[in-house]
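The values are calculated or read from the model by the stated rules, or taken from the named source; none is laboratory data. What you see is a predicted model, and the numbers here were worked out from it, not measured in a lab. A quick note on method: Cβ atoms are made from the backbone with ideal geometry, for glycine too, and the neighbour counts reach across all protein chains shown. Remember, those area values only see protein heavy atoms, side chains included, never the ligands or the DNA or RNA. Shrake-Rupley method; radii C 1.70, N 1.55, O 1.52, S 1.80 Å.
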Amino acid sequence: SLRMPFSIWYNWQEQGDDNSESEHKYGLIRYGSVDKDDEAIKKPAFEAIKEFNTLMSGYRFDKVISNHDGKFCFRFTNGKKIAYVAWTSGKEPAPYQLALTVGKWQSKQILGDSGEITAENGNPASLQLGPMPLIVWPVLK
């Protein structure tokens, strides 16, 4: 419905506690959780989705910028504001070149560091992608 080429959400809660069954570990909260306010039940993926949803509140998927070589970059919009979300399917950091309009941009790795990028005329920004999404959006004046 948002014109996204794919979206995956497997399980809200783990399906069991048998460590030999990989399917038992796909949930965002731990198996047998009752108190949804208990921080101990939330897995890192829960926190990642929570942070992503907070940072991207109001943004809508606009288009795929790239989807090849295990590197993904999507553009989102919120009125006239834009944001890019990029990541790699690999476990190792991967270089990525993103064409940005001239000016100052901020970046935030989900569950990680923040930074600033200066986009210069005609030169794409050099980013390091990892498995956690990197969000890049212009610094508002």
- Message: Under the 0.36 nm per residue contour assumption, what length would be gained going from the current alpha-carbon distance of residue 77 and residue 140 to full extension?
- Response: 21.2 nm
- Quick one: pull the percent of accessible area on the chain belonging to carbon and sulfur, 1.4 Å probe, ligands and nucleic acids left out. 52
- the stretch 60-115 - accessible surface per residue (Å², probe 1.4 Å): 58
- Furthest towards positive pole of dipole, 134, 56, 122, structure part the chain, Cβ charges: 122
- Which label in (i) 9.6; (ii) 10.5; (iii) 12.0 gives the computed mean projected area of the Cα convex hull in nm²: (ii)
- Going through 71/108; 42/80; 43/91; 25/91; 43/108 one by one, the pairs whose alpha carbons sit over 27 Å apart turn out to be 42/80
- Query: Dipole size in debye (nearest 20) for the chain around its Cα centre, Lys and Arg Cβ +1, Asp and Glu Cβ -1?
  - Reply: 920
- Message: Can you give the log10 of the normalised intensity I(q)/I(0) at q = 0.18, 0.26, 0.31 Å⁻¹, computed with Debye over equal Cα scatterers of the stretch 68-113?
- Response: -0.68, -1.23, -1.38
- Would you please classify the overall shape of the stretch 55-132 from the alpha carbon gyration tensor, given that a ≥ b ≥ c denote the square roots of the eigenvalues, rounded means a/c under 1.5, and beyond that prolate means a/b larger than b/c while oblate covers the rest? rounded
- Kindly sort 88, 118, 77 by accessible area of their heavy atoms, largest first, with the probe set to 1.4 Å. 118, 77, 88
- Item | Angle in degrees between helix 44-55 and the longest Cα principal axis of the chain, rounded to the nearest 10 | 40
